[in-house]
Amino acid sequence: MSEAAERGGLLKALGPGFLFAGTAVGVSHIVQSTRAGALFGLALIVVVIAANVLKYPGFAFGPRYAAATGTSLLEAYRRQGRWALVLYGLLTIGTMFAVQAAVTITTAGLSIAIFGVGPGLWAHAAILTVLAGAIAGLGQFKLLDWVVKIIVVVLTVATLVATALALPKIDWAGAAWTLDAGQLTPQTIFFCAALIGWMPTALDIAVWHSLWTLARRDETGHAPTAREVLFEFKVG
């Protein structure tokens, strides 16, 4: 394969990784990670890194499976038996409402804080829900992919700028790198468990990622290789 063709294949594969990033950035990053820093300084940074490293193979498996087989992980579950699909469905139903509510309320609160105007928290949440539903339902994957790419790029640039501005102001000498014995309470353990579970996101997103990979293939007409989807995942 020529270098130009290889580069073209990588560009056509771009999309699902951005959706993964956009899905992962939520309450875990905006609320839980900042709360971890406020309560424990830098003591939980090892926990955050470990969660990402240990979950990486599971996250990467979704797009790699889709590229290798041309089917999603839902099809893989179906081949194991109906019980696997039912179990995944119960897991999804058991978490989707609480997760959606938490993310929507947090986003609505941020919207009010940023713009300073609006009809109120619940109205903001309703508007955001309808808008997101319209993007996914009417525009389907193509519009969703386009919107998320813009959002992720803006968030990335904003994060880099904010980090560059904040780093010189950090009191590194006074930052806590370890937990004190008095902090090892049941509340801390439960908080760490929640932080690990949702940092960067839940493992079942691998199923969504396999579906996004297939949707991107159908949109572009390009069947990505396992190498291309892995590169695209790392970019996202």
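The values are calculated or read from the model by the stated rules, or taken from the named source; none is laboratory data. This structure is a prediction, so every number in the text was calculated from the model and none was measured. Quick reminder, even Gly has a Cβ in these numbers, built from the backbone with ideal geometry, and neighbours come from all protein chains shown.
Is it the case that Ser72 is surrounded by 11 or more Cβ atoms within 10 Å (Cβ to Cβ), at pLDDT 90 or above and not hydrophobic (A, V, I, L, M, F, W, C)? Judged against the criteria, Ser72 is a match. Of the residues making up region 203-232, those that are crowded, with 18+ Cβ neighbours inside 10 Å and modelled with pLDDT under 90 are Pro224, Glu228, Val229, Glu232. Residue selection: Ala101 fails the criterion of being out of contact with any strand residue (DSSP E or B) (no Cβ under 7 Å at 6 or more places or on another chain), touching a residue at least 60 places away in the same chain (Cβ under 8 Å), outside any loop (DSSP other than H, G, I, E, B) and not polar (S, T, N, Q).
Can you tell me which residue within region 87-103, out of those that are of a type in the set (Gly, Ala, Ser) and more than 25 Å from Ala76 (Cα to Cα), is nearest to the chain's Cα centre (by Cα)? Of everything passing the filter in region 87-103, Ala102 is nearest to the chain's Cα centre (by Cα). Of the residues making up region 149-177, those that are in a loop (DSSP other than H, G, I, E, B) and surrounded by 11 or more Cβ atoms within 10 Å (Cβ to Cβ) number 3.
Yes or no, residue by residue, for (1) among the basic types (Lys, Arg); (2) in contact with a Cys (Cβ under 9 Å, 6 or more places away or on another chain):
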site	(1), (2)
Val47	no, yes
Ala51	no, no
Lys55	yes, no
Gly58	no, no
Gly70	no, no
Arg82	yes, no
Tyr88	no, no
Val117	no, no
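When restricted to residues that are over 21 Å from Trp208 (Cβ atoms) and touching a residue at least 40 places away in the same chain (Cβ under 8 Å), region 20-34 contains 2.
Residue-by-condition table, conditions (1) part of a helix (DSSP H, G or I); (2) under 22 Å from Phe141 (Cβ atoms); (3) within 14 Å of the chain's Cα centre (by Cα):
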| residue | (1), (2), (3) |
| --- | --- |
| Thr188 | yes, no, no |
| Gly197 | yes, no, yes |
| Thr201 | no, yes, yes |
| Asp218 | yes, yes, no |
| His222 | no, yes, no |
| Phe233 | yes, yes, yes |
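Only one entry of Leu42, Leu128, Leu91, Leu74 meets the criterion of being outside any helix (DSSP H, G or I), in contact (Cβ under 8 Å) with a residue 12 or more places away in the chain and not basic (Lys, Arg), and that entry is Leu42. Cβ-Cβ distance below 6 Å, separation of 6 or more or different chains: which pairs start in region 1-19 with a residue that is under 16 Å from Arg64 (Cβ atoms) and modelled with pLDDT of 70 or more and end on one that is in a helix (DSSP H, G or I) and among the basic types (Lys, Arg)? Once the first residue is under 16 Å from Arg64 (Cβ atoms) and modelled with pLDDT of 70 or more and sits in region 1-19, its partners that are in a helix (DSSP H, G or I) and among the basic types (Lys, Arg) give Gly15/Arg216; Pro16/Arg216.
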